[in-house]
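Engineer: Provided herewith is a single structure, encoded as structure tokens, for subsequent inquiry.
The values are calculated or read from the model by the stated rules, or taken from the named source; none is laboratory data. Since this is a predicted model, take the numbers as computed values, not measurements. Glycine also receives a Cβ, built like all others from the backbone with ideal geometry; neighbour counts cover every protein chain displayed.
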Amino acid sequence: MSEEKFYFQSEAAELLRMMINSVYSNKDIFLRELISNASDALDKRRIECLKDSELAENTNPEIKIEIDNDRKTLSVSDNGIGMSKDEIIKYLGTIAKSGTREFIEAAKNSSTQQELIGQFGVGFYSVFMAADKVEVVTRKLGASETFKFVSDGDGSFTIDEAEQRSECGTTVTLFIRQSTEEGAKNYLDEWTVRDIIGKYSDFISWPIYFKDKIVNSRKAIWQRPDSEISEEEYKEFYLHLTHDFTEPLTHIKINAEGSTNFKGLLFIPSQAPYDLFMNPESGGISLYINRVFIMNDCKDLIPQYLRFIRGVIDSEDLPLNISREILQDDPIIRIIRRSSQRKIFSELKKMLENDREKYIKFWTAFGRVFKEGLIQDSENAKTILGLEIFRTTNDDGWTTIEEYRARMKPGQKGVYCLAGKDNIDVLKASPKIEPFTSRGYEVLLMTDPIDEVILAQAEFMLPDDAKDLLNIARDDVTPYTDDEKKDNDKKLKALEKEFEPVRKLALEIFPDKLETVKPSLTLTASPACLRDAPNGVSLQMESLMRSAGRVVPPQKRILELSSSHEAVKKLIGLVSTDRDKAAEILRILYDQSMLLEGAMPDNPAEFVKRVDELLTLSLKDG
Ligand code: ADP
């Protein structure tokens with residue numbers, strides 16, 4: 001085979017350019033990336049050899065780092081799994097990670113590229129921060145050919161057959177860029193390299209040789225006592241483990257002894273990965289058995305709603321040859337899962353109580369996912385609800401339900417809540433809130449789609465002491481005392497007669513949409529609003545269910561009309577004098593109420609046309 005030339009997939013080429021221009025100021029991390037990749041390759045090789053003993057070559061797994069001052073190169077070698085030619089093209093020539101396009105788009109328009117790198121990670125390509133040419137020589141485990149990949153990061157690379165490596169594995173050689181920048185590090189300097197390995201890769205479980213000596217302590221960080229480990233070490237371990245570039249928010253140490261023994265080191269990242277919501281299957285706990293790496297991303301170790309947690313679980317009791325299929329039903333795994341879950345809850349509770357600022361960061365990043373637990377995990381629903389924080393009408397801060405309860409007014413019937421589409425300001429301005437806040441009641445504001453589901457099911461799904469979550473969007477939830485209610489009912493009764501013609505007309509126009517029309521004593525600023533019937537499905541829920549492909553029967557709602565609003569008063573008069581015009585106005589009021597719910601009018605064009613006619617008319621009069 002002669003040398004073949006390839007072009008990087010366009011995203012990869014763009015990413016390369018960014019690396020060359022060094023958007024990330026901490027260039028040292030390229031070495032961490034290479035050592036991480038080498039370590040992963042050794043893990044993979046070990047697992048392949050376990051599956052197929054014929055593949056086992058009689059060598060000691062190791063990572064080797066060498067400096068050649070004459071050629072001005074730094075190289076990282078491993079005798080791990082290696083890559084075939086196709087794999088070189090696939091893994092190094094394209095960026096397999098989905099979302100890279102989004103990354104590049106975001107990075108182009110952002111002054112905070114460093115943070116963005118944190119969210120996406122760029123792995124192998126980081127070599128171009130330090131080198132102007134890279135050579136990768138690799139032989140796949142079990143294969144006989146060795147290939148050489150060469151690129152100087154200009155958008156293309158070449159692959160050629162190379163002299164056979166004596167064993168499988170990969171050597172990445174960096175032709176270090178000679179920097180003229182002041183204070184720039186010299187990656188050909190022994191102490192610089194030693195320092196970086198010590199800082200970033202000390203805990204790598206395979207030996208790292210440099211100058212013929214092992215330079216990493218190889219201590220599994222989760223096996224060491226907490227008091228021995230600095231925050232810095234935890235952080236570096238996290239970065240190695242997750243390929244994240246931003247520090248974790250917090251770490252959780254688990255040391256379980258009893259019916260089953262295991263140790264765990266879990267992390268809560270400080271920001272959500274871009275695919276957290278797109279990919280509910282992604283997870284990030286690595287399973288070790290007696291310090292031996294078994295698998296990444298072991299989903300059975302963590303419930304789906306805690307899928308943002310990253311880390312390591314190391315069991316003493318599982319057999320080394322365990323397979324993914326067996327894991328699912330393994331009783332030891334179940335115990336590990338339960339007890340890590342408990343530990344996570346208790347650490348979150350501590351954070352909630354002692355470091356609210358940090359907790360809010362956690363909640364903002366992962367609250368939406370965490371809440372799914374209310375639906376998925378009824379056994380722990382009470383704990384999960386206790387860990388929820390909410391925005392409220394009281395101030396701009398966050399509150400727990402318990403804190404809300406402590407502030408409840410004497411005689412208050414329950415925890416008033418309102419859920420709506422994703423904007424807190426829209427919710428705050430809802431006409432449904434005013435009757436509550438004007439009487440000094442606080443209302444919890446919920447903006448995640450799942451909140452609707454939770455509220456709708458609160459009565460039968462949530463634990464007993466949470467059955468008092470009251471959705472104020474419902475017609476039967478009011479802020480009144482029993483006496484006031486009686487009084488209001490009387491007033492409303494009197495108004496009903498006056499409203500009867502409007503009600504009739506409205507039901508004629510919207511036979512499928514309205515259950516009834518009611519006068520309202522509380523609506524002041526807006527003439528109308530929609531309410532859910534006591535057992536009805538809210539507008540949001542309805543659209544959620546529809547978008548999930550469910551068939552939802554048409555929902556009838558209650559149209560409330562303000563008894564004091566000028567427009568409504570005029571409307572009542574119009575019904576008998578100009579029915580057509582009254583109908584037009586009713587249609588506008590209905591559409592306005594839809595807008596207030598954050599929904600679209602059924603026919604936006606017609607709505608605009610009607611409002612337009614009114615506008616023209618009023619301008620003519622003026
Ligand atoms: P990541 O490691 O985050 O997947 P990288 O860009 O660092 O991303 O590497 C891309 C892929 O290239 C790896 O997932 C791996 O399959 C392959 N690779 C990189 N380095 C090596 C190596 N030393 N040995 C074998 N495969 C490697």
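Engineer: With respect to GLN592, determine if the residue is more than 24 Å from PHE499 (Cα to Cα), surrounded by 13 or more Cβ atoms within 10 Å (Cβ to Cβ) and touching a Pro at 6+ places or on another chain (Cβ under 8 Å).
Structural biologist: no
Engineer: Applying the selection to segment 172-228, what residues are assigned to a loop (DSSP other than H, G, I, E, B) and among the β-branched types (Val, Ile, Thr)?
Structural biologist: THR180, ILE204, VAL215
Engineer: Give segment 162-192 a look and list any residue that's among the β-branched types (Val, Ile, Thr) and farther than 21 Å from ALA41 by Cα, or say none.
Structural biologist: Correct list: ILE176, THR180, THR192.
Engineer: Looking at PRO519, PRO479, PRO511, can you tell me which residue is in a loop (DSSP other than H, G, I, E, B) and under 26 Å from ARG439 (Cβ atoms)?
Structural biologist: Being in a loop (DSSP other than H, G, I, E, B) and under 26 Å from ARG439 (Cβ atoms) holds for just one of PRO519, PRO479, PRO511, which is PRO479.
Engineer: Only one residue in GLU584, GLU597, GLU606 is among the acidic types (Asp, Glu) and more than 18 Å from GLU508 (Cβ to Cβ). Which one?
Structural biologist: The unique qualifying residue is GLU597.
Engineer: What pairs come out if I take residues in segment 213-225 that are touching a residue at least 60 places away in the same chain (Cβ under 8 Å) and pair them with residues that are in a helix (DSSP H, G or I) and of a type in the set (Asp, Glu) whose C-beta lies under 8 Å away, six or more apart or interchain?
Structural biologist: No pair meets every condition.
Engineer: Which residue is surrounded by the fewest Cβ atoms within 10 Å (Cβ to Cβ), if the candidates are limited to segment 367-422 and must be touching a residue at least 40 places away in the same chain (Cβ under 8 Å) and of a type in the set (Gly, Ala, Ser)?
Structural biologist: GLY411
Engineer: Which residues, taken from segment 566-581, are farther than 11 Å from LEU505 by Cα, among the acidic types (Asp, Glu) and either touching a helix residue (DSSP H, G or I) at 6+ places or on another chain (Cβ under 6 Å) or assigned to a helix (DSSP H, G or I) (or both)?
Structural biologist: If the condition is that a residue be farther than 11 Å from LEU505 by Cα, among the acidic types (Asp, Glu) and either touching a helix residue (DSSP H, G or I) at 6+ places or on another chain (Cβ under 6 Å) or assigned to a helix (DSSP H, G or I) (or both), then GLU566 is the only one that fits.
Engineer: Only one residue in LEU507, LEU470 is more than 40 Å from the chain's Cα centre (by Cα) and under 29 Å from PRO553 (Cβ atoms). Which one?
Structural biologist: LEU507
Engineer: Suppose the filter is over 20 Å from VAL127 (Cβ atoms), surrounded by 18 or more Cβ atoms within 10 Å (Cβ to Cβ) and free of Cβ contacts under 8 Å to residues at least 60 places away in the same chain; does LYS140 pass it?
Structural biologist: yes
Engineer: Separate question: Suppose we filter segment 447-480 for residues that are at pLDDT below 85 and not basic (Lys, Arg); how many remain?
Structural biologist: Number of matching residues: 20.
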